[in-house]
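Have a look at this one.
The values are calculated or read from the model by the stated rules, or taken from the named source; none is laboratory data. Predicted model only: the values in this text are computed from it and were never measured. Reconstructed Cβ throughout: ideal geometry from the backbone, glycine too, with neighbour counts over all protein chains shown.
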Amino acid sequence: MSGLESLYQELILDHSKRPHGKGLGSEEAAADAAGQGGRVATSFQRNPICGDEITLRVRLSDDGTTVDEVAWDGAGCSISQASASMLVALIEEDERMPRAEASALIEGFREALRSRGEIALDEEVFGDAAALSGVSKFTARVKCAMLAWVAFEDAVARA
């Protein structure tokens with residue numbers, strides 16, 4: 001294993017053990033999120049192949065042009081949990097990410113993961129999520145890494 005692969009593996013394990021944005025809280029927390037203004041939507045996604053599950057909640061601005069908050073909860077393998085954590089960390093970097101930018105990130109992530117190792121995720125664009133580039137070589141694991149991103153895409157569309 002190369003030094004970069006080892007670093008990426010460590011990053012994935014770190015995110016799965018200490019995830020960003022994990023915890024939806026109670027129904028009251030969901031009501032509070034909705035009460036903060038903006039458009040709130042939740043998406044539940046499941047990977048039937050390995051049993052990974054995620055519920056992701058997104059809050060957009062009142063006019064729907066920016067992603068203001070993302071939170072999630074779920075269970076599954078370290079790749080699915082790390083991917084959700086990395087997605088939230090990436091969104092939190094901007095504090096208020098333009099919706100169009102979020103859509104472009106999802107598309108770029110999807111394209112790279114479906115490339116079977118031909119396209120690597122750019123670390124400057126995808127941050128820690130670039131560590132998931134190697135997953136694209138293992139088709140059975142692509143759905144694990146994509147789960148949170150699909151939930152995010154669905155929640156944004158619903159909000």
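Checking S85 against (1) among the hydroxyl-bearing types (S, T, Y); (2) more than 15 Å from K22 (Cα to Cα); (3) buried (at least 17 other Cβ atoms within 10 Å of the Cβ), only one condition comes out false. Which one?
Against the list (1) among the hydroxyl-bearing types (S, T, Y); (2) more than 15 Å from K22 (Cα to Cα); (3) buried (at least 17 other Cβ atoms within 10 Å of the Cβ), S85 comes up short only on (2).
Now for a separate question. With the structure loaded, tell me whether P19 is modelled with pLDDT of 90 or more and surrounded by 15 or more Cβ atoms within 10 Å (Cβ to Cβ) or whether it fails that test.
yes
Of the numbered conditions (1) touching a residue at least 24 places away in the same chain (Cβ under 8 Å); (2) within 21 Å of P19 (Cβ to Cβ); (3) of a type outside the set (K, R), L121 satisfies every one except a single condition; which is it?
(1)
Being under 16 Å from L147 (Cα atoms), part of a loop (DSSP other than H, G, I, E, B), in contact with a Lys or Arg (Cβ under 9 Å, 6 or more places away or on another chain) and of a type outside the set (D, E, K, R) narrows it down to one residue among I54, I49; which is it?
I49
Additional query: Among D73, D94, which is the only one that is under 17 Å from the mean Cα position of the chain (by Cα), under 27 Å from S136 (Cβ atoms) and at pLDDT below 90?
D94
A follow-up question, please. What single numbered condition from (1) closer than 20 Å to S6 by Cα; (2) modelled with pLDDT of 95 or more; (3) of a type in the set (A, V, I, L, M, F, W, C) fails to hold for L60?
Result: L60 passes all but (1).
Separate question: Give the residues of segment 31-46 that are farther than 15 Å from R158 by Cβ and at pLDDT 95 or above, sorted by residue number.
R46
Failed condition for G108, given (1) surrounded by 13 or more Cβ atoms within 10 Å (Cβ to Cβ); (2) under 18 Å from H15 (Cβ atoms); (3) among the small types (G, A, S), with all others met?
(2) is the only condition that G108 fails.
Can you tell me which residue among L121, L87 is at pLDDT 95 or above and either over 16 Å from V58 (Cβ atoms) or out of contact with any helix residue (DSSP H, G or I) (no Cβ under 7 Å at 6 or more places or on another chain) (or both)?
The match here is L121.
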